[in-house]
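**Student:** Quick one: structure below, then a few questions.
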Amino acid sequence: MPPARSWRAYPQTYRLEAARCSKCGKAFFPPRLVCNKCNGRQFEHFEMKHTGKVVTHTIIRTPSDEFSGQAPFALGIIQMDDGPRLTSQIVDLPFEELRIGMPVRLEFRRISSEGEAGAIHYGHKAVPVRI
Amino acid sequence: MVVGIVGYGAHIPRRRIKVEDIAKVWGADAASYKRGLELFQKSVPALDEDTITLSVEAARNALARSGIDPKDIGAVYVGSESHPYAVKPSGVTVAEAIGATPDCHCADFEFACKAGSEGMFVAYGLVKAGLIKYGMGIGADTSQGAPGDALEYSAAAGAAAFIMGADEERMIATVDETFSFMTDTPDFWRREHQFYPAHGGRFTGEPAYFRTVTGAARGILEKSNLKPEDFKYVVFHQPNGKFPKRAAKILGFSFEQIDVGRLVPWLGNTYSGSSPIGLTAILDVADPGDRILMCSYGSGAGSDAFVFTVRDRVREVRDLAPRTRWLMDENVTYVEYGEYAKMRRKIRLAEK
Amino acid sequence: MRDVAVIGVGMQKWGELWEKSTRDIFVESALLAMDDAGVDSLDAMYIGSMSPGLFTSQEHLGSVMADYLGQKSIPSTRVESACASGGVAFRMAFMEVASGMHDIVLAGGVEKMTDVGGGDATHALATAADMQWEGVQGVTFPGLYAMMAVAHMDKYGTTREQLAAVAVKNHHNGTMNPRAQFRMEITVEGVINSTKVADPLNILDCSPITDGAAAVILVPADMVKKFKKPGVKVIGSGHATDTIALHDREDLTTLSAVTEAAEQAYKMSGKDTKDIDLAEVHDCFTIAEIIVSESLGLFERGKGGPAAEVGETSLKGRIPINASGGLKSKGHPVGATGVAQIVELTEQLRGEAGDRQVSSARVGLAQNMGGSGGSSVVHILEVM
């Protein structure tokens, strides 16, 4: 990923900034310019809480080359407690413990890097909540 | 003006490897590491964990305990010997992730295992000077020991973050005194472009660690006019389980005083995170009024010493983030040497 | 709008075509279609191709293919809608003829996927997902459909065996299709025990990496008598989109772009689900055929799996699905797939399908899908 593409998404990838439609209240991650529910164009930006639940999941065993060093890895759709859904790797748990509905928290992680010499991209991945 | 810790937090990767599993690969005697150095296991960072990610999580835990607005943080200092980039600061990523940018001073420190306490010291100094409202000092590392080297049994990963401030109502522990002890002592180093560090073997002990740590401890005791029995807790840098015990004995501290902050047997040496994470474990259980001595150590060599006195607020905030012993003991999975070697990038992969 | 008919179809055998370039593959199939129709010049053409740039470093296929097909100077356009590129190219050609703009228009599709390695192919295909918000976490296409499968299994009790039944049926059909890439029978146990790709999907749940092309010729229906073969009328066309990211969909167990495209096509054609004699659907993964069969209204929600398992979708079943062998057995050169579905329907409705002929087929439906359902196109064809 070119550094500019990564950099412009830092508010989302680093701080989970989302936007809530001022008209109908639907929350979006990432923020949009037009609400896909009511066509509203005014939004309030906010930082999502880091907690959510697994909606569905899989284990990627044949990744693209960029992720070959990480495979196999679990991946899921996360329903964030603040409303939006997102796709995230689910790390630090044995695969057999993956469950729909399991509570997770988004933790700051290295997402990818451009080989050994290029930029490192950071963001969040889901980890199981065990407290 | 009284300045002290208004927020603290730690973060530790969830994987561990046992000393036996390392010794087995190299035909070494695990018992000698367990008995002789009191090393039983160490933390292992995953491929997607590095000094920056551990620092962000520790910083967030510190923020949660402080209750402050991250925009009020005027400085973020990350001390580490394993910054992910040779050139590009770790601190800006941490500051960006916690929402402290752009009105914020960032710098990365490197001083072997002492870089974390350096960040704490400089943040403390800037608050004391009235230049910033809050300053954050972080010690974090994902250190590497060469395969089969003695350091491979201890080099571990973890981070601790401290927010220094001067507001009385947020004070968790005051900084009552500081003292630093520095000499040029070549006991351990890593040259540019080298993947693993080199060290002076037994030279790292007497003339390096012990001389420096005891020098800093004696200096701060004298400066503050305190005696070992005036402290409830003391935390030294802990390259292994034995060194901090011996340093305590030399200085006249008891095992009980160092026990709570001595995490190395089960965590490994987290380098820049070592004595700072020990301090978080102490704050997790300390009572108001308890006095704490911390002496870091960085090869090269130097030690930063601090005297803290715990305030009432520690009881209100300690459970606003995970306690350090919980991070150490819960949610842990064990890896064997093969997976560990993959996680630590010790396996040569095909060029892409 | 004029009525439109398909008057010629062409498709070479698909597979790993090491000795052939993209243009060889496309031109061979296009010439077959032109010969089938008995035409040697075209008014215009549309070429569905998902990512010739990533697969072969060649964009601008409109010019390349018109030139190499001996049709230099005609308007020729590459159409991209991920794996629905072929279906959308067919719709563009349909609209161009229907509008009266041109009379003889070729709709083709091509993908040359084997010049890159598996990891690069996986990446190229993944660009049909939301690269910034899904791809960044390492999502693959098997992974996206696997997550739909997990949700479908959780909600409706769809079983691992039902998924396998789809692959077994399509491979059986494919043994009767001389152009299919993988013409071998497989078993439910074989599918369940095959290499894991993205749990719960295994390699035999996935359509393969394929080189291939397909082409059809469209003309105004009232011109059909001028050509050598019987025409097949395009009576319905629908095209709809959905969120690019799977996670932005409220219900992961249905594909609303499929339902909406189908509703448009049913409405235009005046036909209902019960009028459909056979369907070619986008079984890029076994779970896709199950969900698509439900989203098209051919089965109730949650009944697609059991229907496949008991044979309702087999050649002699109530509604044969993927008589051609589907993407699973026939192959899935992504840009060509939507056009190949039209080739199959045309041959079935002409009664030219040989051993896999669906008896008394009069109305056929083709459903082609882009990405994880971010776009879908549906066509209904009828015997003239």
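**Student:** Can you list which of the GluC sites (Glu not before Pro) found in the stretch B:1-101 are DSSP loop residues with at most 13 other C-beta atoms within 10 Å?
**Tutor:** On the way: sites: B:20, B:38, B:49, B:57, B:81, B:96; in loops: B:38, B:49, B:81.
Nothing satisfies the criteria.
**Student:** Count neighbours as other Cβ atoms within 10 Å of each site's Cβ, and list the GluC sites (Glu not before Pro) in the stretch A:67-131 that are DSSP loop with at most 12 such neighbours.
**Tutor:** On the way: sites: A:96, A:97, A:107, A:114, A:116; in loops: A:114, A:116.
Counting only loop positions with at most 12 other Cβ atoms within 10 Å, the GluC sites (Glu not before Pro) in the stretch A:67-131 are A:116.
**Student:** Using alpha carbons only, how many angstrom separate the centre of the stretch B:181-259 from the centre of the stretch C:341-374?
**Tutor:** Result: 79 Å between the Cα centres.
**Student:** Looking only at chain B, where both bridge partners belong to it, what percent of the DSSP beta bridges are antiparallel (to the nearest 5)?
**Tutor:** Values: 40 of 59 bridges.
DSSP beta bridges in chain B are roughly 70 percent antiparallel.
**Student:** Is the shape of the stretch B:70-216 best called rounded, prolate or oblate, per the rule: a/c under 1.5 gives rounded, else a/b larger than b/c gives prolate, else oblate, with a ≥ b ≥ c the square roots of the Cα gyration tensor eigenvalues?
**Tutor:** Working: a/c = 2.52, a/b = 1.53, b/c = 1.65.
It is oblate, given that a/c is not under 1.5 and a/b is not larger than b/c.
**Student:** For the ranges C:57-68, C:104-115, what's the packing order if you count other beta-carbon atoms within 10 Å of each residue, average per peptide, and put the highest first? Walk me through the numbers on the way to the answer.
**Tutor:** Numbers: C:57-68: 16.8, C:104-115: 27.7.
Top of the packing list down: C:104-115, C:57-68.
**Student:** May I pose another question? Within the stretch B:175-311, count lysine pairs with alpha carbon atoms under 19 angstrom apart where the residues are 8 or more positions apart or belong to different chains. Walk me through the numbers before you get to the answer.
**Tutor:** Details: B:223/B:232; B:227/B:245; B:227/B:249; B:232/B:245; B:232/B:249.
Step by step, the pairs that qualify in the stretch B:175-311 add up to 5.
**Student:** Could you list the GluC sites (Glu not before Pro) in the stretch C:230-307 that lie in coil according to DSSP, counting only those with at most 12 other Cβ atoms within 10 Å of their Cβ? Show your work: numbers first, answer last.
**Tutor:** Values: sites: C:250, C:260, C:263, C:280, C:289, C:294, C:300; in loops: C:250, C:300.
Of the GluC sites (Glu not before Pro), the ones in loops of the stretch C:230-307 whose Cβ has at most 12 other Cβ atoms within 10 Å are C:250, C:300.
**Student:** Now, a different point. Explain nothing, just the number: relative contact order of the stretch B:140-244, from Cα pairs under 8 Å at least 6 residues apart, as a whole percent. Could the numbers behind the result be given before it?
**Tutor:** On the way: 80 pairs, mean separation 22.9, N = 105.
It comes to 22 percent, rounded to a whole number.
**Student:** Within straight cross-link reach of residue A:37, meaning Cα distance under 20 Å, which lysines are found once same-chain residues fewer than 8 apart are removed?
**Tutor:** Result set, ordered by chain and number: A:23, A:26.
**Student:** Where both residues lie in the protein assembly as shown, what percent of DSSP beta bridges are antiparallel, nearest 5? Spell out each step's value before the answer.
**Tutor:** Working: 111 of 145 bridges.
Antiparallel bridges make up about 75 percent of those DSSP assigns within the protein assembly as shown.
**Student:** Then there's this: Label the stretch C:241-344 by shape, choosing from rounded, prolate and oblate, from the square roots a ≥ b ≥ c of the eigenvalues of the Cα gyration tensor; if a/c is under 1.5 it is rounded, and otherwise prolate applies when a/b is larger than b/c, oblate when it is not.
**Tutor:** Values: a/c = 1.24, a/b = 1.15, b/c = 1.08.
Judged from the Cα gyration tensor, the stretch C:241-344 comes out rounded (a/c under 1.5).
**Student:** Inside 10 Å of the C-beta atoms of A:101-112, what's the mean count of C-beta atoms belonging to other chains? Numbers along the way, then the final one.
**Tutor:** Working: counts 1, 0, 0, 0, 0, 0, 7, 15, 9, 9, 5, 5.
The per-residue average across the peptide is 4.
**Student:** Cα gyration tensor of the stretch C:291-378, axes a ≥ b ≥ c as square roots of the eigenvalues: rounded (a/c below 1.5), prolate (a/b > b/c) or oblate? It would help to have the intermediate numbers written out before the result.
**Tutor:** Working: a/c = 1.72, a/b = 1.06, b/c = 1.62.
Because a/c hits 1.5 or more and a/b fails to exceed b/c, the stretch C:291-378 counts as oblate.
**Student:** How do C:176, A:80, C:148 line up, fewest other C-beta atoms within 10 Å first?
**Tutor:** Numbers: C:176 18, A:80 21, C:148 26.
Arranged by neighbour count, lowest to highest, C:176, A:80, C:148 become C:176, A:80, C:148.
**Student:** If you don't mind, there's one more thing I want to ask. At a threshold of 8 angstrom on Cα-Cα distance, excluding pairs fewer than six apart, so keeping six or more, what relative contact order does chain C reach in percent? Mind showing how you got there, number by number?
**Tutor:** Working: 992 pairs, mean separation 99.9, N = 384.
Relative contact order comes out at 26 percent.
**Student:** Sequence gap at least 6, Cα distance under 8 Å: using those rules, report the relative contact order of chain B to the nearest whole percent.
**Tutor:** Details: 911 pairs, mean separation 87.4, N = 352.
It rounds to 25 percent for chain B.
Here, each number is a calculation from the coordinates, and none is a lab measurement. Quick caveat: nothing in here was measured; it's all calculated off a predicted structure. Don't worry about glycine lacking a Cβ; one is built from the backbone with ideal geometry, like all the others, and counts go over all protein chains shown.
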